[in-house]
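Peer 1: Quick one: the structure is below, and I'll ask about it shortly.
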Amino acid sequence: MATIIKSYEPTFWDKLYIPALLRGLLITFKHLFRKKVTIQYPEEKLIPPEGYRGLHRLNKDAKGRIKCVACDMCSAACPADCIDIVPGASPLDQDKERYPVSFEIDLLKCIFCGFCEMACPEEAIELTEIYDFSDYTRDKLIIDKDGLLEVFDKTKENNYYSDPGINSN
Amino acid sequence: MDFLSFSIICVKVLIVFAVTMLTVLIMIYAERRVSAFMQGRLGPNRVGPQGLLQPIADGIKFLMKEDIIPAGVDKPVYLLAPAMLLIPALMTFAVIPFGASITLFGRDIPLQVADVNVGILYILALTSIGVYGLVLAGWSSNSKYPLIGGLRSSAQLISYELAMGLAIVSIVLLAGSLRLNDIIANQQGYFLSWNICKQPLAFLIFLIAIYAETNRLPFDLTEAEQELVGGYHTEYSSMKFAMFFMAEYANMITGAALTVTLFFGGWDVPFINESSMGILGVILSILSFSFKTAFFLFLYIWVRWTFPRFRYDQLMNIGWKVLLPLALVNIFITAGYLTLVTLN
């Protein structure tokens, strides 16, 4: 059934336009005093929503040793193929057999999907909430094992695995 | 003319020039801040406290920029155009009284650079000359967008100056003089004696026309960014562009001051007789004038960030089919009323 939509016929009062103009001015005037949405970046930082996937880190265990056992699960799960692990025999004092001799993530290739932390059997790789890690060269954006451990030292107090968004899976 | 009166005039010219340029700077800052606030942003707040030094930084930037003169421009006209726009814009303020007259060195000094007895004609003439600057800039740039901008501004001028002039005629009828001082004297007293109450229709027409006159939104068709890149100043860079910018803001200041003078009693403070109060009255009158002008300057910004731009045919329609007949009717009513009053 066809619907008949009556077009709006402006009255004389509407055609004066003055009330409408004044209403418009009132709206913009109210906006003058509204809370500003600007975040003044270097001083203020956006707090990302819970479960945000940012820069990676490699976790250490209670004794301060690297948790990673170089099982290559994360590398296998990675859809962007940005994780490069060279495994090696663990030094003698370790109770694990393997550890990564080198662990590199190409942040330019990474799509921050979080598959690596889901695949990890040791809860060793984790995505932090750090989002401002841009740099000037491509080389500087390939983060190595020391870099990833440094990120852990910086964000030790946060355990992103305990976030509901990640744990529920 | 003796030395004292000459130096008094020089000082007045300097003060008016300095205050106008300072207000231009404040306006550039205010435009950016207020627009930001209305859009929920913060605007420039890094240079100096609250970003107050931003216009100075802008000025330095303009001075340092490379001054490009495109190949194929009509060079003498191209160089003349910014001056053609800026000089009349700065000259217009000369006849506007910005305070009650002050007694200094045993003389009565009117706070006005030049007390011209045809002040209104002087203002109308100079603002029209300013449009030549736009048209010449558009023509000499030898480029399509500036040309369209220049042509639009001349078409806009014809359709708006007429209505504006007619709106002013009704004020002139009431005051019986073209001198701005007489028009202010005619409005002395309290709110109801201001021309806004006597001539609300003329005020509305004048207000709309003055926005078209200063090329401000919603009538900034001459520099409609979305269609014409930058309009008449597309091919200008560096300080020449800054001159167009300054001229636009200087015109706004004159427009606001003229609105205040014609419709809001000029420097008149309601319920107070300024001339009998000595120096305090003078200060009060200057403050009153500044406050009213500041409000209309704010209104310029406020309107710009509220209303969308008129389409070209809409602009012609409102100019010729609405404002012009309304202004004529208004004159007819005013003249008829005055004739009836004087007959009795």
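The values are calculated or read from the model by the stated rules, or taken from the named source; none is laboratory data. Since the structure is predicted, the reported quantities are computational estimates derived from the model, not experimental observations. A quick note on method: Cβ atoms are made from the backbone with ideal geometry, for glycine too, and the neighbour counts reach across all protein chains shown. When the accessible area is computed, the model is the full protein with side chains, heavy atoms only, and any ligands, DNA or RNA have been set aside. Shrake-Rupley method; radii C 1.70, N 1.55, O 1.52, S 1.80 Å.
Peer 1: Right, residue B:44: closer than 30 Å to residue A:25 by Cβ and open to solvent by less than 30 Å² (accessible area, probe 1.4 Å) or not? Lay out the reasoning, then the answer.
Peer 2: Values: closer than 30 Å to residue A:25 by Cβ: yes; open to solvent by less than 30 Å² (accessible area, probe 1.4 Å): yes.
So residue B:44 fits the description; yes.
Peer 1: Taking residue B:294 and the conditions (1) over 28 Å from residue B:167 (Cα atoms); (2) at pLDDT 80 or above, which numbered condition does it fall short on, given that it satisfies the others?
Peer 2: (1)
Peer 1: Another one. Which of (1) out of contact with any Gly (no Cβ under 7 Å at 6 or more places or on another chain); (2) farther than 25 Å from residue B:34 by Cβ does residue A:35 not meet, given it meets every other one?
Peer 2: So residue A:35 meets the others, but not (2).
Peer 1: Tell me, please, whether a residue that is without any contact (Cβ under 8 Å) to a residue 12 or more places away in the chain, under 24 Å from residue B:242 (Cα atoms) and more than 17 Å from the chain's Cα centre (by Cα) can be found in region B:14-29.
Peer 2: Initially, region B:14-29 is screened for residues without any contact (Cβ under 8 Å) to a residue 12 or more places away in the chain, giving B:14-15, B:18-19, B:22.
Next cut, under 24 Å from residue B:242 (Cα atoms) only: B:14-15, B:18-19, B:22.
Cutting the leftovers down to more than 17 Å from the chain's Cα centre (by Cα) gives us B:14-15.
Yes.
Peer 1: Determine which member of the set B:101, B:35 is more than 16 Å from the chain's Cα centre (by Cα), open to solvent by 40 Å² or more (accessible area, probe 1.4 Å) and of a type in the set (Ser, Thr, Tyr). Quick ask: steps written out before the conclusion?
Peer 2: Numbers: B:35 fails: open to solvent by 40 Å² or more (accessible area, probe 1.4 Å).
Being more than 16 Å from the chain's Cα centre (by Cα), open to solvent by 40 Å² or more (accessible area, probe 1.4 Å) and of a type in the set (Ser, Thr, Tyr) holds for just one of B:101, B:35, which is B:101.
Peer 1: Output yes when any residue across region B:330-339 is more than 14 Å from every other protein chain (Cβ to nearest Cβ) and under 25 Å from residue B:128 (Cα atoms), and no when none is.
Peer 2: So in region B:330-339, the residues more than 14 Å from every other protein chain (Cβ to nearest Cβ) come out as B:330-339.
Imposing the further condition that a residue be under 25 Å from residue B:128 (Cα atoms) reduces the set to B:330-331.
Among the residues of region B:330-339, at least one is more than 14 Å from every other protein chain (Cβ to nearest Cβ) and under 25 Å from residue B:128 (Cα atoms), which makes the answer yes.
Peer 1: If you go through region B:141-168, how many residues are open to solvent by 60 Å² or more (accessible area, probe 1.4 Å) and at negative phi? Break it down stepwise before answering.
Peer 2: Taking region B:141-168 first, the residues open to solvent by 60 Å² or more (accessible area, probe 1.4 Å) are B:142, B:144-145, B:148, B:151, B:158, B:162.
With the extra rule that they be at negative phi, the set shrinks to B:144-145, B:148, B:151, B:158, B:162.
The qualifying residues number 6.
Peer 1: Have a look at B:189, B:165 and point out the one that is free of Cβ contacts under 8 Å to residues at least 60 places away in the same chain and not polar (S, T, N, Q). Reasoning before the result, please.
Peer 2: Working: B:189 fails: free of Cβ contacts under 8 Å to residues at least 60 places away in the same chain.
One residue alone meets the criteria, B:165.
Peer 1: A follow-up question, please. Let me spell it out: the conditions are (1) assigned to a strand (DSSP E or B); (2) open to solvent by 70 Å² or more (accessible area, probe 1.4 Å), and residue A:109 meets all of them except one. Which number is the exception?
Peer 2: (1)
Peer 1: Go through A:124, A:119 for me and flag whichever is within 19 Å of residue A:53 (Cα to Cα), surrounded by 14 or more Cβ atoms within 10 Å (Cβ to Cβ), in contact with a helix residue (DSSP H, G or I) (Cβ under 7 Å, 6 or more places away or on another chain) and of a type in the set (Gly, Ala, Ser). Please lay out each step first, then the result.
Peer 2: Working: A:124 fails: in contact with a helix residue (DSSP H, G or I) (Cβ under 7 Å, 6 or more places away or on another chain).
After applying the criteria, what remains is A:119.
Peer 1: Right, next: If a residue counts only when it is within 20 Å of residue B:290 (Cβ to Cβ), which helices (runs of 4 or more DSSP H) contained entirely in region B:1-116 have at least 2 such residues?
Peer 2: Numbers: elements: B:3-38, B:54-64, B:75-91.
Passing ranges, in order: B:3-38, B:75-91.
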